[in-house]
Every structure is written in structure tokens, then in C-alpha cells.
Amino acid sequence: MRNESLEGLRVAVLAADGFEQVELTSPVEDLEDRGAEVDIVSIHQGRIRGVNGMYPGKKVKVSYTLDEIGVEDYDALLLPGGFINPDALRQNERVLDFVSAFNAQGKPIAAICHAPWVLISAGMVSGRRLTSWPGIKHDVLNAGGLWTDEPVVRDRNWVSSRGPHDLPVFNHAVAELFAEHVPLRPVEEDDRGALGIVVAGVAAAAAGYAVWRYLQDRADSYEDAPRELTSAAPAPVPVPTPATAATPMPLVPPMPPSAPAAAPSAEVEVERVVIVGDVVDR
């Protein structure tokens with residue numbers, strides 16, 4: 001599983017004719033898969049040929065020569081092996097100056113197989129712990145290095161390995177070391193719009209949370225209020241007695257009693273009927 005992202009990391013692969021082909025192609029493929037920018041740097045222009053053990057291999061195109069670049073152009077350095085390649089490099093003063101300056105700045109260096117020959121000629125191995133192809137073990141020890149027979153060795157800004165059979169663990173260790181030196185990329189113009197959207201989104205989310213928190217607090221206060229009001233004993237409610245319950249309240253006020261009717265008179269009023277010509281009493 002490839003977890004280390006190397007986006008933005010610039011790697012120089014320093015090699016010459018006679019490099020062990022798989023010790024260049026396998027790490028370079030892994031680095032590029034992780035997002036690193038990889039250049040093949042050499043002591044001459046054109047193409048350099050690899051080898052597969054004792055047999056000629058394929059050529060690779062040189063990106064830049066040492067005259068065209070500087071240490072400041074790269075974040076990490078990879079030194080592939082092969083017994084012809086490092087022997088040619090260690091005899092070039094520009095190579096030794098480049099590698100020494102790289103190490104002086106604390107930048108990461110990965111070396112495999114016979115590549116520690118270059119580190120030895122640059123005077124950098126004394127007191128350092130590393131591994132290599134077993135055939136140059138005594139060269140490392142004679143230069144003051146602490147040689148160990150392990151698949152991969154990490155010592156501060158260095159990582160080293162013995163040969164092609166260790167490439168799986170070497171590639172992983174290289175990625176881990178180089179990932180610690182990935183530079184922070186400045187924000188580009190095209191990224192600022194996206195960054196603004198992200199910032200606005202975060203601000204909106206924060207505001208939304210604040211409103212939700214406020215409403216939640218209000219709801220909690222509302223839920224607590226009835227418990228406070230009902231904590232005291234309720235006032236008694238009057239219950240009507242049977243006597244009062246039997247007498248319904250009038251809907252309309254009663255009218256005052258009228259005067260008693262007069263008793264009929266004992267006297268009989270004589271009713272007179274007038275008939276033309278006569279008066280008849282009855």
C-alpha cells in the first residue's frame with residue numbers, strides 16, 4: 001500500500017553509464033507513482049546505458065547535466081548502483097561537490113549496491129551507519145563507516161540497501177525518508193478560488209453550529225421551566241357542596257313580585273243599557 005505522497009518533491013537521480021538498470025528504473029517508477037518529479041542527472045548530455053549484471057541494458061535520457069543544475073534545484077538525491085556507474089562518478093569532482101553540498105544541507109540521500117563508493121570518495125562515510133553490496137564492505141569500514149548486513153539501513157538523512165533483491169524494502173524506505181522532506185507548496189492563483197470556497201464553507205458551518213447551539217440552549221431552558229413552576233404544591237380548587245349543587249344559578253335575575261290583585265267588590269255595579277225611548281235597569 002502506497003501511503004506516502006511525494007507531490008511537489010523534486011528528486012535528482014545521479015547516474016552515469018553502467019548503472020544497474022533495475023536499481024534506477026524501479027525506484028524512479030515508485031517515486032513517480034507517488035507524485036515526485038524525477039530528473040536523471042549525469043556528467044554528460046544525451047543518453048546513458050544501463051546494465052543487467054554483466055550484460056548491456058537499455059538507455060535512458062539525461063534530463064540535465066551537473067553544469068545545468070544546482071543543489072538548490074532538488075529536495076532529494078537517489079544514487080543507483082552497478083559497479084561501473086559509481087566508479088565513474090566518484091572520479092568526477094563536480095559529482096563529489098554536488099553530493100557533499102547535498103549532505104551538508106541535510107537533504108535526504110538514498111544509495112544502493114555499489115553507490116556508497118561515491119559517498120566514500122566524498123569523505124562522508126566516517127561515523128555513519130550504512131549497508132551496501134557485500135563486495136565493498138571493507139571499503140566502507142576502511143573509510144570509517146559502520147557497515148551492517150541488513151536489507152535496508154536508515155541513518156539520519158541517509159537510507160541504504162544491499163542490491164536488487166532488496167528493492168521492495170528499499171523503495172518503501174526511500175519513500176518514507178523522502179516524504180519527510182516534501183516542501184510546502186505555495187498557494188497558486190488557481191487554488192485561491194477553491195481555498196476561498198473552503199474557507200467560506202467552514203465559516204458557514206461555524207455560524208450554523210452557533211445558531212443551533214443557541215436554539216438548543218433555549219429549548220433546554222424551556223424544558224426546565226415547567227419543573228420549576230410545579231415544584232410547589234398546587235392551590236386547592238373549591239369543590240361545590242351538595243347544597244349548593246342542588247340550587248342552580250338563575251340565568252336571568254328574578255323579576256320583583258307584582259302587586260296582589262284586588263279582591264272583587266261585593267257591590268254589583270248597575271249596568272245601564274240605553275234603549276231608545278226607555279231606560280231599563282238590570
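What the table below lists for this structure:
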{"item": "Considering residues of region 100-126 that are aliphatic (A, V, I, L, M), part of a helix (DSSP H, G or I) and buried (at least 24 other Cβ atoms within 10 Å of the Cβ) only, the residue nearest to the chain's Cα centre (by Cα)", "result": "Leu119"}
{"item": "Selection status of Ile136, modelled with pLDDT of 95 or more, in a helix (DSSP H, G or I) and open to solvent by less than 10 Å² (accessible area, probe 1.4 Å)", "result": "yes"}
{"item": "Per-region count, region 33-48, residues open to solvent by 100 Å² or more (accessible area, probe 1.4 Å) and more than 33 Å from the chain's Cα centre (by Cα)", "result": "2"}
{"item": "Unmet criterion (only one of (1) closer than 20 Å to Arg162 by Cβ; (2) open to solvent by 10 Å² or more (accessible area, probe 1.4 Å); (3) aromatic (Phe, Trp, Tyr)) for Phe19", "result": "(2)"}
{"item": "Some residue of region 63-77 being surrounded by fewer than 18 Cβ atoms within 10 Å (Cβ to Cβ), in contact with a strand residue (DSSP E or B) (Cβ under 9 Å, 6 or more places away or on another chain) and touching a residue at least 60 places away in the same chain (Cβ under 8 Å)", "result": "yes"}
{"item": "Residues located in region 16-37, provided they are assigned to a helix (DSSP H, G or I) and closer than 17 Å to Asn52 by Cα", "result": "Gln21, Val22, Glu23, Leu24, Thr25, Ser26, Pro27, Val28"}
{"item": "Unique residue being open to solvent by less than 50 Å² (accessible area, probe 1.4 Å), modelled with pLDDT of 95 or more, touching a Ser or Thr at 6+ places or on another chain (Cβ under 6 Å) and among the aliphatic types (A, V, I, L, M) when the list is Val152, Val174", "result": "Val152"}
{"item": "Check on Arg2, at pLDDT 95 or above and open to solvent by 10 Å² or more (accessible area, probe 1.4 Å)", "result": "no"}
{"item": "Odd one out for Asp97, checked against (1) farther than 21 Å from Val28 by Cα; (2) at pLDDT below 95; (3) not aliphatic (A, V, I, L, M)", "result": "(2)"}
{"item": "Given (1) touching an Asp or Glu at 6+ places or on another chain (Cβ under 9 Å); (2) part of a helix (DSSP H, G or I), index of the condition Gly57 fails", "result": "(2)"}
{"item": "Any chance Glu7 is farther than 22 Å from Pro134 by Cα, part of a loop (DSSP other than H, G, I, E, B) and out of contact with any helix residue (DSSP H, G or I) (no Cβ under 8 Å at 6 or more places or on another chain)", "result": "yes"}
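The values are calculated or read from the model by the stated rules, or taken from the named source; none is laboratory data. Since this is a predicted model, take the numbers as computed values, not measurements. Backbone-built Cβ (ideal geometry, glycine too); neighbour counts: all protein chains shown. Heavy atoms of the whole protein, side chains included, go into the accessibility calculation; ligands, DNA and RNA do not. Shrake-Rupley method; radii C 1.70, N 1.55, O 1.52, S 1.80 Å.
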